[in-house]
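The values are calculated or read from the model by the stated rules, or taken from the named source; none is laboratory data. On a predicted model such as this, the values are computed, not experimentally measured, just so you know. Positions of Cβ are generated from backbone atoms using ideal geometry, with glycine treated the same way; all protein chains shown enter the neighbour counts. Note: areas computed on protein heavy atoms with side chains; ligands, DNA, RNA excluded. Shrake-Rupley method; radii C 1.70, N 1.55, O 1.52, S 1.80 Å.
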Amino acid sequence: MLQVEKVSKSYRSTSVLTEVTFQMEQGESLGLIGESGSGKSTMAKLIVGLEHLDGGQITLNGLDFQQLRGAELRKARRHVQVVFQDPWASLNPKLPVWKSIIEPLENYPDVVPSFLKGVRNDKRKMAEILLEKVGLDRDFLERYPHQLSGGQRQRVGIARGIGLQPNLLICDEPTSSLDVSIQAQILNLLKELKKEFNMSYLFISHDMASVQYMCDRIAVFKQGVLVDLFLSKDLFSDTRHPYTKMLVQATVER
Amino acid sequence: MLSLVRKRLLQLVIVVFILSIFTFGLMKLAPGDPVMSILNADEMMVTEANQANLRSDLGFDQPVYVQYGKWMHGLLKLDLGTSYMSGKPVWNEMMERLPITLQLTTGVLLVMFSISLPLGIISARYPRKWPDQISRILALIGASIPSFWLGLMLIYLFALKLQILPSNGMGSFAQMILPTFTLGFSLAAVYSRLIRAGLIECFSKDYIQAGRARGVKEWRILWVHAFRAALLPVITVFGLSMGSLLGGAVVIEILFSWPGLGSMAVDAIFNRDYPVIQGYVLLTGVFVVVVNLLVDLSYYLIDPRIKQGKEGSN
Amino acid sequence: MTISVDFTQPLTNDYVKEETFFQSLPLLEIKNLSISSLGENKKEDIKLVKNINFTIKSGEMLGIVGESGSGKSLTACALVGLLPKSLKVTEGQIKLHGRELLNLSEKEMRRLRGNEIAYIFQNYQGSFTPFIKIGNQLIEALRSHRKISKLDAKKKVLIWLERVKLPANQVFTSYPYQLSGGQLQRAALAAALMFQPFLIVADEPTTALDVLTSENILDLLVELQKEYNCAVLLISHNLNHVLKRTDSIAVMYGGQIVERGLTNEIRKNPIHPYTKLLLQARPVLSRVVPEKLVVIPGEPGLVAEQGCAFALRCPKSFKKCSILPKMQSVGDSQWVACHAADLEADYTNASS
Amino acid sequence: MRFVYAFFIKTYLTVMKMKNWPPTALLGLILLITIVLITAIGPLLIPNDPYMANMAERLSSPSLTYPFGTDHMGRCIFSRIVIGSQATLGITVLVITTVILIGIPIGLVSGYIGGRVDSIVMRLADGLIALPEFILAIAIAGFLGPSLTNLMISVVLVKWISYTRVVRGIVLSEREKEYVLAARVGGCTTWRIITRHLLPQIISPVLVLATLDVGKIILIISSLSYLGLGAQPPAPEWGAMLSDGRPYFQTFPELMIYPGMAIFIVVLSCNLIGEGLRDKLGEKSI
């Protein structure tokens, strides 16, 4: 479904990504792990076309985003959505929750996800169904972001992300700014939704334990280079890259 | 550092260029005939012949771009043309009047800082207490009062009623007091709030707390750690408000009959003495850009991060 | 100017602190401490920290664990007298070597800060004033407490930068923005340890740092703590860090300490439902990945106004939880404030 | 037009949603509303024709017929001040509306789309910023000749750029925020991002800036009129009235006091409101 081939990117002569290659299948979840500045978030922006490539190719469902322009690009983009890192910044503070949630659906009026059949013209009803999917009740429809807690905001962000029933949902550190007791809630929710909609996840994180919990495969980034790519069950294998071993060592409890 | 200077010098050139086109263009757009006003000023019989003579003397019979070229050429040699009224070179006339305006602005700056610095610091140390409230009310009044009216009222009170200060003229210290205070007060009112806001923001910064946690003495926190950072916004606005200072100076010079650059410009406007207006606008523009260049350089001295260009935008 | 540093000299402090005298007493004793926010009319508004008690001994590392709003950082700020102006300590005692800190004047408090209690902040960028070189800031701190010449101060600073494994001469002449997060936090560690304080308060010292850098910094903190036998109060929401390194733990929820005791005991045998859930709810690296994580219902902001703060989110809450549970000892070195713990007491004793 | 409509509706809603106004701002609001009312029904209030000269009663002291006395031409000062507010307030409202309608769209486009438009606008701004507002107004009035229209043109020319700069600055910082990225990922068109996501963010700062600018504009207009570069006699504009009265100032200060007070009160009420709005809406930067 997603093909990333020899992708390179640099900002002002500093190289952020160097010849990164990987593939993803439908329904699979891949974890990208690395320290800050390792290029994992840039990878996400490149995949949704928020940034331009310097070299290489990214294709989603056979479409090359870098070749598409204007309306065509918008049309293609609906298959990939993003849940952002900072729940405080990712919602427009001036819009009530339900308007934020259904915005993608407003932008793509001809997309009818299976769970919204029959209510496609009723915006509030759609927002209500989506909220229910992420475990919030209809009382939240009219609230503004500042009236929600961090965890609730992140749920709203997820509701917006799944509205178009995308093939690929990119989760960019979705729990890193949340409290410990909320992290588990969000991770469980994401895992359930994935099963329900057969979505693929690109799960970006710096926490090895979350990635192991969420993903089938793990890709380790170090300074823009993909140093290790393996199945989650092989995490403790001796053949792991030394850098991966260091990360595991730091995360594991003595 | 060097690249910053280069960038700013380039900007200076661009600004002068834009200004020159702007003033030259406006002069061409201007209604009324300068030739007529020159001749009228001489109080001679105006004939067709001496109109035509003067027209070609001034080069008005040539195409616009040639006139502009000539004018620019002169500009590079500091030749801004000749005043229609006095017949003297504009540059010389401006240089005669510049010291007067400088004397006024220096005085105003002194008044401004000696009022606003203590007021700003005190109200930042005791926010929402009475010194802060007083400075807030003063700031509101200062920002709302027309400076020429304040000047008139001060003249009425101190010169006419109490007769303790001269109402106009320049030269003596007593004659400095009313003009500098009139303008200094309005500006100080605004500045004291800026200094307060800057300081309060700095007090809330983590590094102030960190300094305290290391046991650094409170006066050092204020003067070494907070004040220096608070200077940044103050200096920025100082650069930007060079304008209000020069603009205010025009009114004050007229009000107190100081023969500075401002009153020269206003006289020139009424006499349609375009070369003088042109010269005045150019000189002020260059002056403001130079002051802002100095402001930018002082940023660099205050905050080394700017060297990296991290806050170089804007 | 470069100064050659003689590393053969012993790194003794200028003052000989009378440590032996205090050995028998706990180093820091917090009794019944409450912090409230003051409303507009200066009346007591909301109680943010409620009657907490704990002690730290010399050389001990105590971890305070809690989520946002649990009051852990406020407690730390109160220790050094740096609470924001809108907050106030309304009851209780903070005793360092038996000396009441809350009665000290601002001047005495300043002398104490840095010198006897050092503080390391979460936001490493905020630890140093951005436009002053690191070296000068460290010298400034030294000279705030000691009568020492600039040259001697510089020597001492360089030694300490070296001790925290930084390239001393280079860091000395750097501005904060020229250093990485890890380097800055090391420099902050040097600033804290320079005076060989009795107590270091580390408020989320590595939260903003990468995984590997965090580990290195915390390892260094432990190493130096052992060497100089000072106490450390490590505040963190990262259970992993706290479990790995501390000697004892206090778990806070909604301004109350709900459980405290030796780290090993609590790890093996958490009693308070909140502690239990916290330990289970986070993803842990292991060979067997659970299908589902244990979830704590609700949000950290959900705090019961009366009785047990956690009651509204607690799966085991019952009628009695509307009365504030008392802190009671469970075993030799573990205390818990929970009514449900009474019911389970027999079970826990049997298992441990 | 949709844009203009959206902007004013949203501004209105922003103001209406605000609660707990500080008392000083309320005072300013009440003052300003009173002044606007007086301006509106001014012709009904005035006891005398503001233009009618009566040399027999020149420079007379306040009386029942002439509440504030008469000027050097025997005209009723009170009537002239009341009618004068029409000129001052009318010009100011016209100028500030024009400035907003020019400044905001350019700022939005320049900030969000960037590229060549942005660099041209910014070079122009650099050029204009070098000239102090007041000096530029003097220059334009000087070249085009002293008149109210030229005065308005010059103030608009001077002021739009500061709105463009503010709007552009906000857009530059907002467009990198995650909610705008999320809107892009969610398939929003550029137009929709600008109107729906960015426009609401600039309303409060522009509102604050505009209220504070109203005061500044009144001051500029009256100062220039005082210098003789704005409203021309016999028009009853406050600044021009002050200028007219200057020669009689020593013997008859009332000529100066009342118009000056009028300017001061109007500007003060605008500044009180502006400060209240700034504190309420949290726009500390302006």
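Tally Lys and Arg at +1 and Asp and Glu at -1 over the other residues with C-beta under 10 Å from the C-beta of A:Phe230: what net charge comes out?
Values: positive: A:Arg217, A:Lys233, A:Arg240; negative: A:Asp228, A:Asp234.
Here the count lands on +1.
Determine the percent antiparallel among the DSSP beta bridges restricted to the protein assembly as shown, to the nearest 5.
Values: 51 of 88 bridges.
About 60 percent, rounded to the nearest 5.
Can you list, largest first and rounded to whole Å, the semi-axes you get for the protein assembly as shown by taking the square root of 5 times each eigenvalue of its Cα gyration tensor? All intermediate terms of the calculation are to be shown ahead of the outcome.
On the way: eigenvalues 804, 270, 199 Å².
In descending order the semi-axes read 63, 37, 32 Å.
Relative to the longest principal axis of the Cα atoms of chain B, the long axis of helix B:242-255 lies at roughly 60 degrees.
For the interface of D with B, what's the total buried accessible surface in square angstrom, probe 1.4 angstrom, rounded to the nearest hundred?
Details: alone 14340 and 17630 Å², together 28060 Å².
Separately minus together, D and B give about 3900 Å² buried.
Ordering B:Tyr156, A:Tyr11, B:Tyr126 from largest to smallest accessible area (1.4 angstrom probe), what's the sequence?
Working: B:Tyr156 50, A:Tyr11 90, B:Tyr126 125 Å².
If we order B:Tyr156, A:Tyr11, B:Tyr126 from most to least accessible, we get B:Tyr126, A:Tyr11, B:Tyr156.
Output the peptides A:210-218, D:139-147, A:123-131 sorted from most to least packed, where packing is the average of other Cβ atoms within 10 Å over each peptide's residues. Each step should come with its number before you reach the end.
Numbers: A:210-218: 23.4, D:139-147: 21.4, A:123-131: 19.3.
Packing order, densest peptide first, comes out as A:210-218, D:139-147, A:123-131.
When the helices of the protein assembly as shown are scored as -39500 (n - 2.57) per DSSP H run of n ≥ 4 and the total is divided over every residue, the value at 222 nm lands at -17000 deg cm²/dmol. In this structure, the amide hydrogen of C:Ser58, modeled 1.01 Å from its nitrogen in the peptide plane, lies closer than 5 angstrom to those of C:Leu27, counting only residues at least 5 positions away or on a different chain. Extending 7 Å from the Cα toward the beta-carbon at both C:Lys107 and B:Ser204 defines two label points whose distance is 3.2 nm. Quarter the surface of the alpha carbon convex hull of segment C:128-196 and you get the mean projected area, 4.0 square nanometres. Of the whole protein surface, B:Ser56 contributes about 60 Å² of accessible area at a 1.4 Å probe radius.
Using alpha carbon coordinates only, what is the Rg to Rh ratio of segment C:23-140, with Rh defined as the Kirkwood radius?
Working: Rg = 15.7 Å, Rh = 15.9 Å.
So for segment C:23-140, dividing Rg by the Kirkwood Rh gives 0.99.
Here chain B has an Rg and Dmax of 24.1, 86 Å, counting Cα atoms alone. With Rh defined as the Kirkwood radius, the inverse of the mean 1/r over Cα pairs, the Rg/Rh of chain C is 0.99.
Which peptide among B:127-135, D:242-250 comes first, and what is the full order, when sorted by highest mean count of other Cβ atoms within 10 Å?
Details: B:127-135: 14.4, D:242-250: 18.7.
Ranking the peptides B:127-135, D:242-250 by packing returns D:242-250, B:127-135.
What number, in nm² with one decimal, is the all-direction average of the projected area of the convex hull of the alpha-carbon atoms of segment D:99-150?
Values: hull surface 17.2 nm².
If I average the Cα hull's projected area over directions, I get 4.3 nm².
Site pair B:Asp61 and A:Ser177 shows an inter-label distance of 7.4 nm when each label is modelled 7 Å from Cα along Cα→Cβ.
Counting, for every residue in C:277-290, the Cβ atoms of other protein chains within 10 Å of its Cβ and taking the mean gives 6.
When chain C is treated as a GNM with alpha-carbon contacts under 10 Å, the residue of C:Ser322, C:Ser34, C:Ser286 showing the greatest mean-square fluctuation is C:Ser286.
One equal scatterer on each Cα of segment C:231-336, no solvent, Debye formula: the resulting log10 I(q)/I(0) at q = 0.10, 0.19 Å⁻¹ is -0.30, -1.06.
Note on segment A:2-253: the alpha carbon radius of gyration divided by the globular reference 2.2 N^0.38 Å gives 1.01. The DSSP beta bridges internal to chain A are antiparallel in roughly 55% of cases. In whole angstrom, chain D maps to an equivalent ellipsoid with semi-axes of 42, 21, 14, each derived as √(5λ) from the alpha carbon gyration tensor and ordered largest first. Treating only the Cα positions of segment D:57-204 as identical point scatterers, give the base-10 log of I(q)/I(0) from the Debye formula at each q in 0.10, 0.14, 0.17, 0.22 Å⁻¹. Per q value, in the given order, log10 I(q)/I(0) is -0.54, -0.79, -0.97, -1.24. Here the mean projected area of the convex hull built on the C-alpha positions of segment A:85-151 is 4.7 nm².
For D:Phe8, the solvent-accessible surface computed with a 1.4 Å probe is close to 90 Å², ligands and nucleic acids excluded.
D for segment D:40-113, whole µm²/s, Stokes-Einstein with Kirkwood Rh over alpha-carbon pairs at 37 °C and 0.692 mPa s: what number? Write out the running numbers ahead of the final one.
On the way: Rh = 14.7 Å.
Using the Kirkwood radius from Cα pairs, D works out to 223 µm²/s.
About the Cα centre, and with charges only on the beta carbon of Lys, Arg (+1) and Asp, Glu (-1), how big is the dipole of segment C:236-352? Nearest 20 debye, please. Write out the running numbers ahead of the final one.
Working: 14 positive and 10 negative charges, 61 e Å.
With only Lys, Arg, Asp and Glu charged at Cβ, the dipole is about 300 debye.
Using the Cβ-Cβ distance between B:Ala52 and D:Leu37 with R0 set to 45 Å, the FRET efficiency from 1/(1 + (r/R0)^6) comes to roughly 0.15. Per residue, the Cα convex hull of segment D:194-234 amounts to 85 Å³. Among the residues of C:130-142, the average count of other protein chain beta-carbon atoms within 10 Å of the residue beta-carbon is 4.
How large is Rg/Rh for segment A:21-143, to two decimals, with Cα atoms and a Kirkwood Rh?
On the way: Rg = 16.8 Å, Rh = 16.9 Å.
Ratio of gyration radius to Kirkwood radius for segment A:21-143: 0.99.
Note on D:Gln86 and C:Lys147: the model spin-label points, each 7 Å out from Cα along the C-beta direction, lie 8.1 nm apart. Convex hull volume of the Cα atoms of segment B:55-153, normalised per residue: 198 Å³.
Could you work out Rg/(2.2 N^0.38 Å) for segment B:106-195, with Rg from alpha carbons only? Show your work: numbers first, answer last.
On the way: Rg = 14.1 Å, N = 90, 2.2 N^0.38 = 12.2 Å.
Output field value: 1.16.
Placing a label point 7 Å from the Cα of C:Glu227 along the Cα-to-Cβ direction, the residues of segment C:169-193 with a backbone N closer than 19 Å are C:169-172, C:182-193.
Size descriptors for segment A:153-254: radius of gyration and Dmax over Cα atoms are 14.4, 43 Å. Relative to the globular-protein estimate of 2.2 N^0.38 Å, the Cα radius of gyration of segment D:213-255 stands at 1.17.
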